[in-house]
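J.: There's a structure below that I have some questions on.
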Amino acid sequence: SASSLGAIDGLQMERRFGALFAGAITGFRPDIYTYGLNLDLLQYGGYIGAQVISETVNSRSTVGLLQQTNSGMVDRRYAYLQHSSTFNGNLNFFSSGELDLYSTVGNGVRLTNFFVSSRYRFSRKVDVFASYDSRRRIVYYETFRNDVEVLLDDDDARQGARLRLNV
């Protein structure tokens, strides 16, 4: 439900309601310099989603809101969307995106991450894979308090496309 979010030292709880589900996440994000546990970097949020399972389709979509803090102050607030589908066992599709909703300067909404990939299996021995990725620098407004304007001035997206044939 939240695999695209990265590492979280904490808890994730989920409850199902038939084809629908809802969940909550709470914990700490890793320290940006040491990747170790940092109790000042609390993050929490929730998500909802739906899952469809049939003979030909297995699909799961999730939308969530998360807030990340630094010593109790808002560091980042964002929405995320994640979707995965498998059709007839041969076509796989995955997408994820993050939309920052908090800013201390200028426009508060920016698309920071977008990823989409697809794989089609022609046979057990041949498949083709394609993906597109666009990422912007994530700005933590308390962590980088003195550098926010500089980081946002250099807000170009890193983009990449990949195509692969496996035989």
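J.: Does at least one position in region 122-132 carry a residue that is modelled with pLDDT of 95 or more and within 14 Å of the chain's Cα centre (by Cα)?
T.: no
J.: Can you name the residue in region 38-56 that is buried (at least 16 other Cβ atoms within 10 Å of the Cβ) and within 20 Å of the chain's Cα centre (by Cα) and is also farthest from Thr69 (Cα to Cα) among such residues? Write out each step before concluding.
T.: As a first pass, look at region 38-56 and keep what is buried (at least 16 other Cβ atoms within 10 Å of the Cβ): 38, 41-45, 47, 49, 51.
Filter once more, keeping what is within 20 Å of the chain's Cα centre (by Cα): 41-45, 47, 49, 51.
Values: Leu41: 5, Leu42: 5, Gln43: 6, Tyr44: 9, Gly45: 11, Tyr47: 18, Gly49: 25, Gln51: 31 Å.
Among residues in region 38-56 that are buried (at least 16 other Cβ atoms within 10 Å of the Cβ) and within 20 Å of the chain's Cα centre (by Cα), the one farthest from Thr69 (Cα to Cα) is Gln51.
J.: Can you go through Gln82, Gln68 and tell me which one is under 21 Å from Ala157 (Cα atoms), in contact (Cβ under 8 Å) with a residue 40 or more places away in the chain and part of a strand (DSSP E or B)?
T.: Details: Gln68 fails: under 21 Å from Ala157 (Cα atoms).
Being under 21 Å from Ala157 (Cα atoms), in contact (Cβ under 8 Å) with a residue 40 or more places away in the chain and part of a strand (DSSP E or B) holds for just one of Gln82, Gln68, which is Gln82.
J.: Keeping to region 23-37, report how many residues are free of Cβ contacts under 8 Å to residues at least 24 places away in the same chain and among the β-branched types (Val, Ile, Thr).
T.: 2
Yes or no, residue by residue, for (1) in a strand (DSSP E or B); (2) touching a residue at least 60 places away in the same chain (Cβ under 8 Å); (3) in contact with a Phe, Trp or Tyr (Cβ under 7 Å, 6 or more places away or on another chain):
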position	(1), (2), (3)
Leu39	no, no, yes
Tyr44	yes, no, no
Tyr47	yes, no, no
Glu55	no, no, no
Thr62	yes, yes, yes
Gly89	no, no, no
Ser96	yes, yes, yes
Leu99	yes, no, yes
Lys125	no, no, no
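J.: What is the one condition in (1) closer than 24 Å to Arg158 by Cβ; (2) charged (D, E, K, R); (3) open to solvent by 80 Å² or more (accessible area, probe 1.4 Å) that Arg110 does not satisfy?
T.: All conditions pass for Arg110, except number (3).
J.: Is it the case that region 73-87 has a residue that's open to solvent by less than 70 Å² (accessible area, probe 1.4 Å), within 24 Å of Val128 (Cα to Cα), small (Gly, Ala, Ser) and under 10 Å from the mean Cα position of the chain (by Cα)?
T.: Here is the first cut: in region 73-87, the residues open to solvent by less than 70 Å² (accessible area, probe 1.4 Å) are 74-76, 78-80, 82-86.
Among the residues that remain, those that are also within 24 Å of Val128 (Cα to Cα) are: 82-86.
Filter once more, so that each one left must be small (Gly, Ala, Ser): 84-85.
Next, only the ones that are under 10 Å from the mean Cα position of the chain (by Cα) stay: none.
No, region 73-87 contains no residue that is open to solvent by less than 70 Å² (accessible area, probe 1.4 Å), within 24 Å of Val128 (Cα to Cα), small (Gly, Ala, Ser) and under 10 Å from the mean Cα position of the chain (by Cα).
J.: Hey, another quick one. Could you list all residues from region 10-37 that are open to solvent by less than 50 Å² (accessible area, probe 1.4 Å) and not in a strand (DSSP E or B)?
T.: Arg29, Pro30, Asp31, Gly36
The values are calculated or read from the model by the stated rules, or taken from the named source; none is laboratory data. From a predicted model like this one, the values you see are computed outputs, not experimental measurements. Neighbour counts run over all protein chains shown; Cβ positions are idealised from the backbone, glycine included. These accessible areas exclude ligands, DNA and RNA; they are computed on the full protein's heavy atoms, side chains included. Shrake-Rupley method; radii C 1.70, N 1.55, O 1.52, S 1.80 Å.
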